[in-house]
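Down below is the structure, laid out as structure tokens.
The values are calculated or read from the model by the stated rules, or taken from the named source; none is laboratory data. This one's a predicted model, so the numbers in the text were calculated from it and none came from an experiment. Note: ideal-geometry Cβ built from the backbone for every residue, glycine included; neighbour counts use all protein chains shown.
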Amino acid sequence: MAKLRSTMVLDTRVRCGVTAPKQYLTGLDIFHGHVFVPIVLIYKQGFDIDHARKGLSEVLRQHPLMAGRLKRDAQGHVYVEGDDSGIVFRVHRCEGPLPYGPHKPLGKDASRFCRMLMPWQIVGKDMSVALIELFQFECGGILMACSGLHSFFDGSTYWNFMHNWSKACTGQPITPPASFDRDVMIQAGRQPCDPAAYDLMAKPPLLRQLGIVIKLGWRALTQMQSEVFRIPASTIQGWKDEVKRTLPDSPGVSAGQLATAYIMKAISPALPPDATRSVGLVLDLRYKRALNLPRDYVGNALCWAEARYSGAELAQQSLPELAQRCKAGGEQVSEAALRKLLSVTEAHRQAKRLWRLMFRPVIETLDAGLIQNNMSKLPIYEMDLGNGTPDWFDGAPMTIRMALIVSTPQRDGGLDVHLTARRAEHKALRARLVADGIVPAAASALPR
């Protein structure tokens, strides 16, 4: 893209006129870091910006903590003050037509629209937990760059809020969350736990941790790149039919499991030959019955599991067999394991040492690990701000090997896989898609 020529025409804070009692962030909140996670929605037809701004103010009245600020108490613990300081809302007018969409994902251009802020710019500062920046092009199309603070949101909380914003803009009843009380998670982390339970948290010695962080940063800067690969609905259905045919006693597998297993099978030859292949699975504690968390809990309620394969297994086993194994084992999501996760993160929060914890599958991405983040069930393409749903979802490239899985804009059962990986791994996946006849050679990936 040529140099972006834009003029900021509005820089305001959207407020709701409602305050809320302060809440302390949990160990799981802070473990995810005070970093903004940017996403981009493309609306070719645009929408009424003033109408969207008023809808945002309306939905904030049901989510008042989102208009607050992160602060520290005298002991250094972080909390959110529901003081109605407002959400950052900016509008830019841009020259030329809107160039992005399924035909042209953002790729590295994301940095032109998505703000990257450091933790020291957030806690104790006048910085909202969400940033909304609209870029309106001469054709009327709008690129909406939204960033949510990961220490305040997980995907479920974020997209439930966004869906309610959409309802406010389209005249539908808003469904306010009933559970704003983060203390339920803090108290769960103070219950006794089994120290021998399954644990995916690593606590490497300080020097080794520093080396890991440096290696992850260096790889992100020099080797990681992102492409979008589309897997059509017909392919997904064909895979599911194969599961029923070859594994008739199987309880079934999800489209996300099938897509992830296919990716691992395809890129395995490009991974270090002797390394165990791992898939880190991002899961939601709201759906783990043992904890009895409210389904509408607001905050981070993420837990993790992993699937592991050898290179030989990926080469020799069928896709249905591999997909069946791409799930959390019972010991990983047992009540004991989940309570240990909460206990460990809460203890480190109290000691202000959460920075010493690392998610083991993230470390393994330095070798042959992949993180799967399946967002295909979230209401991304239902986000109507008054003039229709988005034409395209995108975001900034990740910094580790990750498969971000979303539905296609058509919501037809197909999947778009936003894969951050090394060039050789993209090449291997592209070749496999072509060889299997899933896509023609000229369209094995959406162009970056």
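Annotations
- Members of segment 201-212 that are surrounded by 12 or more Cβ atoms within 10 Å (Cβ to Cβ) and within 19 Å of Thr399 (Cβ to Cβ): Ala202, Pro204, Gln209, Gly211, Ile212
- Residue within segment 258-267 that is among the aliphatic types (A, V, I, L, M) and within 18 Å of the chain's Cα centre (by Cα) present: yes
- Count of segment 360-377 residues, restricted to those that are at pLDDT below 95, touching a strand residue (DSSP E or B) at 6+ places or on another chain (Cβ under 6 Å) and not in a helix (DSSP H, G or I), is 4.
- Test for Gly55: is it surrounded by 15 or more Cβ atoms within 10 Å (Cβ to Cβ), modelled with pLDDT of 95 or more and on the phi > 0 side of the Ramachandran plot: no
- Among the strands (runs of 3 or more DSSP E) confined to segment 33-147, the ones with at least 3 residues that are touching a residue at least 60 places away in the same chain (Cβ under 8 Å) are located at 36-43, 78-82, 87-94, 130-137.
For (1) in contact with a Leu (Cβ under 7 Å, 6 or more places away or on another chain); (2) closer than 27 Å to Met201 by Cα; (3) surrounded by fewer than 18 Cβ atoms within 10 Å (Cβ to Cβ); (4) at pLDDT 95 or above, each residue gets a yes or a no:
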position: Pro248; (1), (2), (3), (4): no, no, yes, no
position: Pro251; (1), (2), (3), (4): no, no, yes, no
position: Ala259; (1), (2), (3), (4): yes, yes, no, yes
position: Ile267; (1), (2), (3), (4): yes, yes, no, yes
position: Pro273; (1), (2), (3), (4): no, yes, yes, no
position: Val282; (1), (2), (3), (4): yes, yes, no, no
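- Selection count, segment 65-90, where residues are within 19 Å of Cys146 (Cβ to Cβ) and either over 22 Å from the mean Cα position of the chain (by Cα) or buried (at least 20 other Cβ atoms within 10 Å of the Cβ) (or both): 12
- Breaking point among (1) surrounded by fewer than 18 Cβ atoms within 10 Å (Cβ to Cβ); (2) of a type outside the set (Asp, Glu); (3) assigned to a helix (DSSP H, G or I), for Ile186: (1)
- The set of residues in segment 378-397 that are under 13 Å from Arg411 (Cα atoms) and part of a strand (DSSP E or B) comprises Trp392, Phe393.
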